[in-house]
1. Going by how many other beta carbons lie within 10 Å of each one, how would you line up MET111, MET28, fewest first?
2. Starting with the fewest neighbours, write out ARG18, ARG48 ranked by other beta-carbon atoms found within 10 Å of each beta-carbon.
3. Show me the ranking of peptides 74-80, 172-178 by mean Cβ neighbours inside 10 Å, starting with the highest.
4. Roughly how many nanometres apart are two label points built 7 Å out from the Cα toward the Cβ at VAL190 and ASP94?
5. Hey, what do the phi angles of the range 35-51 turn into as Karplus ³J(HN,Hα) couplings, whole Hz, using 6.51/-1.76/1.60 and θ = phi - 60°, x for Gly and Pro?
6. Quick one: check the C-alpha center-to-center distance for the range 88-133 versus the range 1-15, whole angstrom.
7. Could you tell me which residue out of VAL169, VAL190, ASN115 lies farthest along the dipole of the range 99-198 toward its positive end? Charges go on the beta carbon: Lys and Arg +1, Asp and Glu -1, centred on the Cα centre.
8. How far apart, in nm, are the 7 Å Cα→Cβ label points at HIS56 and ALA153?
Amino acid sequence: MSEDELNSVGRILAGVLRHFPEKFDLDMDLNGWVDVRDVAEEICHRKRNLHWLRVHHIKAIADTDPKGRYQIEGNRIRASYGHSVDVELDHPTDSVPQSLFYPSTQEELDMLLDNGITPSDRRYVHLSLTYEDAYNAGVHRTEDPQILEIDAAAALMSDVYIGQAGPTVFVTRGVPPDFIEIAVEPEGFVQPDPPERLAPRRERISDMDD
């Protein structure tokens, strides 16, 4: 696959597995799984420029995705995180670290500290493994992300579900305020250059930014 073809297939996969399986007549189960053979067939049928796509291409994309956006089990595939459709994710909780991180805008900061973190346009809140990961996620929304630290260990002990969805991504239905505080910027942290354009979240709902 060329770089353009890879990006095209990746964006379609992100869209159909996270947001609109019905547009491709895909039968998604409660946990977000669909038959990868159906995915390949429907993409070929609807996208003439991708008529060559086969199951092994999709499996290769899933297996090599650096952010772990997809999971493959046999002939099933699902998005690991990022859903706007209602799914029940069942990611493992035994590898959750002591602390996780979440990016906020300056305007949202006090509200999140007072009321906790809840999903907005996605079904789950995405938490990051490190301060840097959270900051890099946050710069897609605001030029100066405010990073919150989540006491993940204490939250789990209080029956708050947190599952590992990718190498650096963890998901939860929400975080109560008791487990949230403003994170301390780590020594030596260097802020990355901001993106050229900060797109509103609704414009990026099927893209591959996260």
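1. Listing MET111, MET28 from fewest to most nearby Cβ atoms yields MET111, MET28.
2. So the residues, fewest neighbours to most, are ARG48, ARG18.
3. Top of the packing list down: 74-80, 172-178.
4. Roughly 3.9 nm, to one decimal.
5. Per-residue couplings from phi come out as 6, 5, 5, 5, 4, 4, 5, 5, 5, 4, 5, 9, 10, 4, 6, 10, 4 Hz.
6. 27
7. Value computed over the given set: VAL169.
8. 4.7
Every number here is computed from the coordinates shown, using simple stated rules; none is lab data. None of the values given here were measured: they were computed from a predicted structure. When we count neighbours, we look across all protein chains shown, and the Cβ atoms used for this are built from the backbone with ideal geometry, even at glycine.
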